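This report concerns only the one structure given below.
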Amino acid sequence: MALVPYEEAAGVGLQKFHKPFATFSFANHTIRVRQDWRQLGVAAVVWDAAVVLSTYLEMGAVELRGCSAVELGAGTGLVSIVAALLGAHVTVTDRKVALEFLKSNIQANLPPHVQTNTVVKELTWGQNLESFSPGEFDLILGADIIYLEETFTDLLQTLEYLCNDHSVILLACRIRYERDNNFLAMMERQFTELVLAPSQ
């Protein structure tokens, strides 16, 4: 597992979350992601961690072509869109309430031939895991999903269930509180290798 912590750029405030669209350039594509803070809150805006993780994927940190990947708590779907454009077969997951919003961003930003390798699926951590095969994924992605302490046990259970012995977990997050470090300690106890990338 690699964790990609980062520091938020000074002068950037919450106003970016209230814009109806956020536009990015990844994998030789312009990606225009719809945001809806008022209706869906944190699940419907692009957090900096998603940009950091998308950049990390675009740099070729892991081989994505033909890889079976899943994104947990996908929100707007930016990371999944980038992974799919780079050749991964992606299962894009979030809670039921966010799925239609998520699907609209996936459909708007992926060419039809790439959409065939992408599926949007409901996943609440720790629940109904049997709708997935154990150890199904080569790559597990998550951007800014470490923030609610009450979800940590379910998140770890979900990661363990979806992983196989060769899976790579890439999580990008901003370490904000001591509880975030507590989650990292839990990860170290559960997984064999934990790599922390230095923050920029």
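The values are calculated or read from the model by the stated rules, or taken from the named source; none is laboratory data. Nothing here was measured: the structure is a model prediction, and the numbers come from that model. No Cβ is skipped: glycine too gets one built from the backbone with ideal geometry, and neighbour counts run over all protein chains shown. For the accessible areas, the whole protein counts, side chains as well, though only heavy atoms, and no ligand, DNA or RNA atoms are used. Shrake-Rupley method; radii C 1.70, N 1.55, O 1.52, S 1.80 Å.
Brief remarks follow.
- Take every pair of alpha-carbon atoms less than 8 Å apart whose residues are at least six positions apart; their mean separation over the length of the chain yields a relative contact order of 27 percent.
- Calculated [222 nm] ellipticity per residue, helices only, for the chain: -8500 deg cm²/dmol; basis is -39500 (n - 2.57) per DSSP H run with n ≥ 4, divided by all residues, nearest 500.
- Computed over the stretch 76-137: relative contact order in percent, which uses C-alpha pairs under 8 Å that are six or more apart: 39 percent
- Take the chain with all the other protein chains still there, run a 1.4 Å probe, and you get 50 Å² of accessible area per residue.
- Only one residue of V90, V119, N109 has its Cα farthest out toward the positive end of the dipole of the chain, where Lys and Arg carry +1 and Asp and Glu -1 on Cβ, and that residue is N109.
- Between E149, E188, E178, the GNM of the chain built on Cα springs shorter than 10 angstrom shows E178 fluctuating the most.
- Here the chain carries DSSP beta bridges of which approximately 20% are antiparallel, counting only pairs with both residues inside.
- Förster radius 22 Å - calculated FRET efficiency between L148 and R189, Cβ distance, rounded to 0.05: 0.65
- Apportionment of accessible area to carbon and sulfur, the stretch 71-200, percent (1.4 Å): 48 percent
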